[in-house]
Every structure is written in structure tokens, then in C-alpha cells.
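The values are calculated or read from the model by the stated rules, or taken from the named source; none is laboratory data. These numbers were taken from a predicted model, which means no experiment stands behind them. Neighbour counts run over all protein chains shown; Cβ positions are idealised from the backbone, glycine included. To get the accessible areas, we keep the full protein, side chains included, count just its heavy atoms, and leave off ligands, DNA and RNA. Shrake-Rupley method; radii C 1.70, N 1.55, O 1.52, S 1.80 Å.
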Amino acid sequence: MAENKKYFKLPETDDGTILFNVPFPKDLGQLKDMAPIIIKQPYHIDYLHSYGQDSPFFAGLANGKLLSNKCPKCGYTYGTPRLHCMYCGTECDWIELPREGFIHCFTVCHYGSEAFLPETPFVLIMVEWPGVDTLFLARLVGVDPADASIDWIGMKVRAQFRRNSKFTPTDVYFVPA
Ligand SMILES: [Zn+2]
């Protein structure tokens, strides 16, 4: 008979009655005791925007290449794309970064924006390469966030690319090399 218990309760969903007339007190003093109105509504926008000068970076990710820039004048080399040198203003050249780099620092994210919240906890790292003057922020996959250790600093990591590119910076992520 225990199995039949499930028939005594209807399934709950977040659908509900559509309300057109909201009960309202004659005495405005009662409004402070009013329960909050909670609205459920669909929300969708088509966000048309340009990656501008960073476009080659995303084209690189879609082709399994991690691209960045190097200044032809002063030689400053960027780990994150920057088409004009922040030191001398010269237009930079595109370069391909090595597939393997090292963890400069990391953090374990227990909270995140709406898109990433279901994936918490996850690990973010700043990747460094010898001869490259700035760092690159990316996800580190293949480690247990609960085992985060200072020993991870300096760990060799390897870039991986999504096969189906989403044309977002998360198209590239790193795994222990
Ligand atoms: Zn420069």
C-alpha cells in the first residue's frame, strides 16, 4: 500500500492563476503588511553587437587557436588581445599563443552570474606564458574545486577548445597538461 501514497498528492509546478484584480484595502495603513507581488514573465532579447577589433580572437577560438597581440614597435606582448599597444599606441600584430602555459593564480567561484551559477563551484585561472607580458583569464577544468591548493600555482596547463564554438571567451578553457 505504501507505493500508492504518491497518488494522494498532485505534482507542483510554478504555473498559476492569472490575476487581473488585486485585492486592495480601504485603509492605506494596511499596505505595509501587504505580501510582495511576485511576477513570472518571459524575458528575451536579441542582442546584436560587434566584437570589433577583437573579432580575429574569436575566429581563432573557432579554429582551435588562441590568438593575441604583440607590439611591432616596443615588443610588448599581450596574453589577452589588445590591438593597440597600451604603452606606445602602435597597432599590434596578431600572434598565436602556445597551447601550453602555466597557472599564475587561481580562484574557486562559489557564486557567479546567472549563466554560470548552475556550474558553481568552478575554478578560474590566470594563465601566463614565458615571454608574454600580460595574463589570460580562463576556466580550469579537470580539477576538483574542493581540493584547491596553493600547489596549483605554476601548474602546467593546456588549452582546449569547444568543438561547437559559441563565439564567447568560454570557447577556450584549460586542463592540467
Ligand atoms: Zn608598443
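Some notes on this structure:
- Kirkwood hydrodynamic radius computed over segment 94-177 comes to 13.4 Å, based on all pairs of distinct alpha carbons.
- Segment 109-129 versus segment 138-177: alpha-carbon centroid distance in Å: 10
- Counted over the chain, the DSSP beta bridges are approximately 95% antiparallel.
- Annotation: Cα Rg of segment 76-118 relative to the compact-globule expectation 2.2 N^0.38 Å equals 1.71.
- Gain on full extension, evaluated as 0.36 nm per residue between Arg163 and Met86 minus their Cα-Cα distance, stands at 24.4 nm.
- Size descriptors for segment 1-130 (Cα atoms only): Rg and Dmax, in that order, 27.2, 82 Å.
- Using heavy atoms of the protein chains and a probe of 1.4 Å, the accessible area assigned to Arg158 is about 90 Å².
- Computing FRET efficiency as 1/(1 + (r/R0)^6) for Asn21 and Glu114, where r is the C-beta to C-beta distance and R0 is 25 Å, gives about 0.15.
- Put a plus charge on the Cβ of each Lys and Arg, a minus charge on the Cβ of each Asp and Glu, and nothing anywhere else: the dipole of the chain about its Cα centre is then about 220 debye.
- Helical mean residue ellipticity (222 nm; -39500 (n - 2.57) per DSSP H run of 4+; nearest 500) of the chain: -1000 deg cm²/dmol
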